[in-house]
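To keep things clear, I will list the structure first and then write my remarks on it.
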Amino acid sequence: MNTFLADAAKSVVAFFGIFLARQFRGRVTGHELSRDLRLLIPTDNPVCFDIGANRGQTIQLLQRSYSQPTIHAFEPSSMSYASLSGQLFGAGVHLHRLAMGEQAGIAEFRNYKQSELSSFLAMNPDLQENIFAEEETISVESVQVDTLDLFCARQGIQQIDLLKIDTQGFELPVLQGGAGLFRNQKIGAVLLELNFALLYEGQSDPLAVFQFLRTHHMRLVDFYEKERANGRELSWTTALFVHYL
């Protein structure tokens, strides 16, 4: 197909919200997360941590991507955990009603009407900045908080192949609680949500997250699931990082 015809074909499918991109065998493209994960973590049975498991969306993604993953899934919300524990994921999935942070203890957790938004943090009330500013709080509950370093030491876990974090603005404390694992190069890849719009009060600064990961020899692979709340600048995204030493 010549360049003119190729451009014409792309324009037609783009009109319907579909975009075409080439994929090269054995190369990460940034277009399909599950494919890129398999290339970057080329094993059938990776050890994966799912911090902020919600209803098990990431568990299902990992089980589609790998034949025998070991998944430790963490969800502090009593409501979300009840839904999560009622599902049949298989022997390789270990569920923990537990939050991760910079230090172990007890903290107040906010359950919002949309469970995907639940967080330790209060919503930013600025309607111009935050499309979820009027999100209803269903309940506030005390939850147990652990750190990645302490949890892995107790469980005898030596290596995390993939660390996924979706904690609604609480990403940096989770990373800092695993500083020992990062220093010892025990984490192979990190998949986490970055908020560029100010959705929560006191949320993690994406630049601070980048700095932490770069300090610990993690490099950006690509952004996935990009969202633009006003159709212009990036509001939030899922970012994948991989250890490069």
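The values are calculated or read from the model by the stated rules, or taken from the named source; none is laboratory data. This one's a predicted model, so the numbers in the text were calculated from it and none came from an experiment. No Cβ is skipped: glycine too gets one built from the backbone with ideal geometry, and neighbour counts run over all protein chains shown. Ligands, DNA and RNA are stripped out before the accessible areas are found, and what is left, the full protein with its side chains, is counted by its heavy atoms. Shrake-Rupley method; radii C 1.70, N 1.55, O 1.52, S 1.80 Å.
Structure summary
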quantity	calculated
Criterion (in contact with a Phe, Trp or Tyr (Cβ under 6 Å, 6 or more places away or on another chain) and hydroxyl-bearing (S, T, Y)) met by exactly one of S139, S118	S118
Sole exception among (1) open to solvent by 50 Å² or more (accessible area, probe 1.4 Å); (2) in a strand (DSSP E or B); (3) closer than 19 Å to H243 by Cβ for F49, by number	(1)
Residue count, the stretch 215-232 (criterion: out of contact with any Phe, Trp or Tyr (no Cβ under 7 Å at 6 or more places or on another chain) and in a loop (DSSP other than H, G, I, E, B))	5
For D126: the one exception among (1) closer than 22 Å to P46 by Cβ; (2) open to solvent by 40 Å² or more (accessible area, probe 1.4 Å)	(1)
Restricting the stretch 73-98 to residues that are touching a residue at least 60 places away in the same chain (Cβ under 8 Å) and open to solvent by less than 30 Å² (accessible area, probe 1.4 Å), the residue that is nearest to I138 (Cα to Cα)	S77
Residue selected from the stretch 174-187 under the condition surrounded by fewer than 20 Cβ atoms within 10 Å (Cβ to Cβ) and not charged (D, E, K, R), by the criterion nearest to A208 (Cα to Cα)	Q176
All positions within the stretch 68-106 that are assigned to a strand (DSSP E or B) and at positive phi	G105
Test: residue in the stretch 147-160 that is open to solvent by 30 Å² or more (accessible area, probe 1.4 Å) and within 24 Å of R35 (Cβ to Cβ)	yes
Per-region count, the stretch 196-226, residues open to solvent by 10 Å² or more (accessible area, probe 1.4 Å), in contact with a helix residue (DSSP H, G or I) (Cβ under 7 Å, 6 or more places away or on another chain) and within 14 Å of V174 (Cα to Cα)	3
Checking A99 against (1) under 17 Å from the mean Cα position of the chain (by Cα); (2) modelled with pLDDT under 95, the condition it does not meet	(2)
Residues located in the stretch 101-121, provided they are among the aliphatic types (A, V, I, L, M), out of contact with any Pro (no Cβ under 9 Å at 6 or more places or on another chain) and either over 22 Å from F196 (Cβ atoms) or open to solvent by 30 Å² or more (accessible area, probe 1.4 Å) (or both)	A104, I106
Condition met for E171 (surrounded by 14 or more Cβ atoms within 10 Å (Cβ to Cβ), under 15 Å from the mean Cα position of the chain (by Cα) and not β-branched (V, I, T))	yes
Condition met for E193 (open to solvent by less than 20 Å² (accessible area, probe 1.4 Å) and of a type in the set (D, E, K, R))	no
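Every residue, every condition in (1) in a helix (DSSP H, G or I); (2) open to solvent by less than 60 Å² (accessible area, probe 1.4 Å); (3) at pLDDT 95 or above, yes or no:
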| site | (1), (2), (3) |
| --- | --- |
| V13 | yes, yes, no |
| G17 | no, yes, no |
| Q23 | no, no, no |
| R27 | no, no, no |
| L37 | yes, yes, yes |
| T43 | no, yes, yes |
| A53 | no, yes, yes |
| I59 | yes, yes, yes |
| L62 | yes, yes, yes |
